[in-house]
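S.K.: Next up is a structure, given as structure tokens.
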Amino acid sequence: MLTLNKITKKYKDKTALSEVSMELSCGIYGLLGPNGAGKSTLMNIITGNIRPTEGTVFWNGTDIRELGGRFRSLIGYAPQQQVLYSSFSGRRFLSYMAALKRIPKKEVKNEIDRVLSYVNMQEAADRAVGGYSGGMKQRILIAQAILGAPELIVLDEPTAGLDPKERVRVREQIKALAGDKIILVSTHVVSDIAPVAKEIIVIRSGSIIDRNTVEALCQKYGESRNLEEVYMHIFGEEERYGSPDSL
Ligand code: ADP
Ligand code: MG
């Protein structure tokens, strides 16, 4: 169980998140909102990579700051921007990440083979990541996030920059991850997450403005036929004219 209690994040005078509270239990959650809404900031706070200005993140009731390194081994995180050393092979990148995650040496090889086959990257594993397509890069990043069977998986815009076919593939892989764990996936592309998410968490200008199943959200927002319509209902103006933030 992941609990956020009144998370606020300020960057100088800019409030990126404002008193965000929520509880997540097992399942796939879509974090949906336009650029600048605060998705990456929230994910960086949940994964302990940046500190909130105020508020606390709890894992099964314990402040993640108290868990320290133990929390690291519980989570898998694929940040929105990740530097891939282009000369590394996929396998070498994964073994580097396995070392950072302190996966026991004798388990590393099996674990890398497991995650490679999970994302269907066995064949490309020994090629340099610099030559990978966008979809292959995203798949190796997902593979990295699931090293060591984490209980909390956080994927920040895993389908960004992918073509429609690759998007579906990544979505299906996320779906297949579901089980006894929490999976939080951010996106501003509704179709990437609507078919697989247990619940959608809608974030706007640093606040959670709604959270529900796709069905319930469709009903709430004027009998929308699908989540795309809900999204346009809430964010249509921003998508057309840019968020207030970008003006
Ligand atoms: P999203 O991932 O939803 O696009 P972000 O979390 O990246 O949103 O950003 C939320 C807000 O915080 C934006 O207004 C962004 O400009 C601002 N922001 C994010 N990171 C920084 C930073 N390091 N310094 C200053 N402002 C930031
Ligand atoms: Mg982002």
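S.K.: Could you please tell me the mean projected area of the C-alpha convex hull for the chain, averaged over all directions and given in square nanometres to one decimal? Working shown, then result.
M.R.: Values: hull surface 54.6 nm².
With every direction weighted equally, the projected area is 13.6 nm².
S.K.: Using the Karplus curve 6.51 cos²θ - 1.76 cosθ + 1.60 with θ = phi - 60°, work out ³J(HN,Hα) for each residue of segment 125-137 in order, rounded to whole Hz, and write x for Gly and Pro.
M.R.: For segment 125-137, the Karplus curve yields 4, 9, 8, 5, 5, x, x, 6, 6, x, x, 5, 4 Hz.
S.K.: If you wrap a convex hull around the Cα atoms of segment 21-156, how much volume per residue is inside, in Å³?
M.R.: For segment 21-156, the hull spanned by Cα atoms encloses 125 Å³ per residue.
S.K.: I would also like to ask the following. Under the Karplus relation 6.51 cos²θ - 1.76 cosθ + 1.60, θ = phi - 60°, what is the ordered set of whole-Hz ³J(HN,Hα) values for segment 203-217, x standing for Gly and Pro?
M.R.: Calculated HN-Hα couplings, in order: 10, 9, 6, x, 10, 7, 9, 6, 7, 5, 6, 4, 4, 5, 5 Hz.
S.K.: How far apart, in nm, are the 7 Å Cα→Cβ label points at ASP163 and ASN226?
M.R.: Here the answer is 2.1 nm between the modelled labels.
S.K.: Which entries in LYS109/LYS181; LYS39/LYS101; LYS6/LYS181; LYS6/LYS198; LYS9/LYS137 show an alpha-carbon gap greater than 28 Å?
M.R.: Result: LYS9/LYS137 exceed 28 Å.
S.K.: Taking square-rooted eigenvalues a ≥ b ≥ c of the alpha carbon gyration tensor, is segment 154-214 rounded, prolate or oblate, where a/c under 1.5 means rounded and, failing that, a/b exceeding b/c means prolate?
M.R.: Oblate, because a/c is 1.5 or more while a/b does not exceed b/c.
S.K.: Let me ask something else about it. Given labels modelled 7 Å from the Cα in the Cβ direction, how far is it in nm from THR213 to THR56?
M.R.: The two pseudo-label positions are separated by 3.3 nm.
S.K.: Same structure, new question: Rounded to two decimals, what is the ratio between the C-alpha radius of gyration of segment 28-88 and 2.2 N^0.38 Å?
M.R.: Compactness ratio reported: 1.29.
S.K.: Just check segment 77-160 against the gyration tensor rule for me: Cα atoms, a ≥ b ≥ c as the square roots of the eigenvalues, rounded for a/c under 1.5, and otherwise prolate or oblate depending on whether a/b exceeds b/c.
M.R.: Because a/c hits 1.5 or more and a/b fails to exceed b/c, segment 77-160 counts as oblate.
S.K.: Have a look at the DSSP beta bridges in segment 59-194 and tell me what percent are antiparallel, nearest 5.
M.R.: Taking every DSSP beta bridge with both residues in segment 59-194, the antiparallel ones total about 20 percent.
S.K.: Using helices alone, I'd like the mean residue ellipticity at 222 nm for the chain: each DSSP H run of four-plus residues gives -39500 (n - 2.57), total over residue count, nearest 500.
M.R.: Using -39500 (n - 2.57) per qualifying helix, the result is -10500 deg cm²/dmol.
Since every read-out is calculated from the coordinates, none of them should be taken as a lab result. The model shown is predicted, which means the values in this text are computed figures rather than measured ones. With ideal geometry, Cβ positions are generated from the backbone for all residues, glycine too; neighbour counts draw on all protein chains shown.
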